[in-house]
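To start, the structure under review is shown below, and the notes come after it.
The values are calculated or read from the model by the stated rules, or taken from the named source; none is laboratory data. As the structure is a computational prediction, the values presented were derived from the model and not from experiment. Cβ coordinates were reconstructed from backbone atoms using ideal geometry, including for glycine residues, and neighbour counts include every protein chain displayed.
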């Protein structure tokens with residue numbers, strides 16, 4: 001089963017539980033080592049969304065998977081830039097999201 005979860009719309013306190021559940025289903029339902037989260041269609045991400053991504057990163061690691069975030073929308077990139085000061089989240093190239101080239105992720109704008 002593919003190890004990709006597509007996030008879309010607003011990820012906030014109200015939608016975070018459903019997003020978390022979908023990420024866990026994706027992680028639990030794949031045999032692939034890399035599990036990706038495509039965030040291209042995210043229009044808003046609050047701190048609850050960031051916390052879901054951080055928790056899912058840990059959840060995936062406990063199950064011998066690596067969670068990789070790709071195609072960050074501006075809203076998603078902004079929240080990660082603000083919250084991920086320790087580089088816990090992984091970007092497309094398996095580098096900490098905040099350490100990837102700003103032009104590629106558009107997190108500096």
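Being part of a helix (DSSP H, G or I), touching a helix residue (DSSP H, G or I) at 6+ places or on another chain (Cβ under 9 Å) and at pLDDT below 90 is a property that residue 98 has. Selection of first residues in the range 71-87 that are free of Cβ contacts under 8 Å to residues at least 60 places away in the same chain and on the phi > 0 side of the Ramachandran plot and of second residues that are surrounded by fewer than 17 Cβ atoms within 10 Å (Cβ to Cβ) and in a helix (DSSP H, G or I), restricted to Cβ pairs under 7 Å at least 6 apart or on distinct chains, gives the following pairs, ordered by first then second residue: 87/99. Going through (1) closer than 13 Å to residue 6 by Cα; (2) at pLDDT below 95 one by one, residue 25 falls short only on (2). Scanning the range 50-60 for residues that are touching a helix residue (DSSP H, G or I) at 6+ places or on another chain (Cβ under 9 Å), over 11 Å from residue 78 (Cα atoms) and without any contact (Cβ under 8 Å) to a residue 40 or more places away in the chain, we see that the one that is surrounded by the most Cβ atoms within 10 Å (Cβ to Cβ) is 53.
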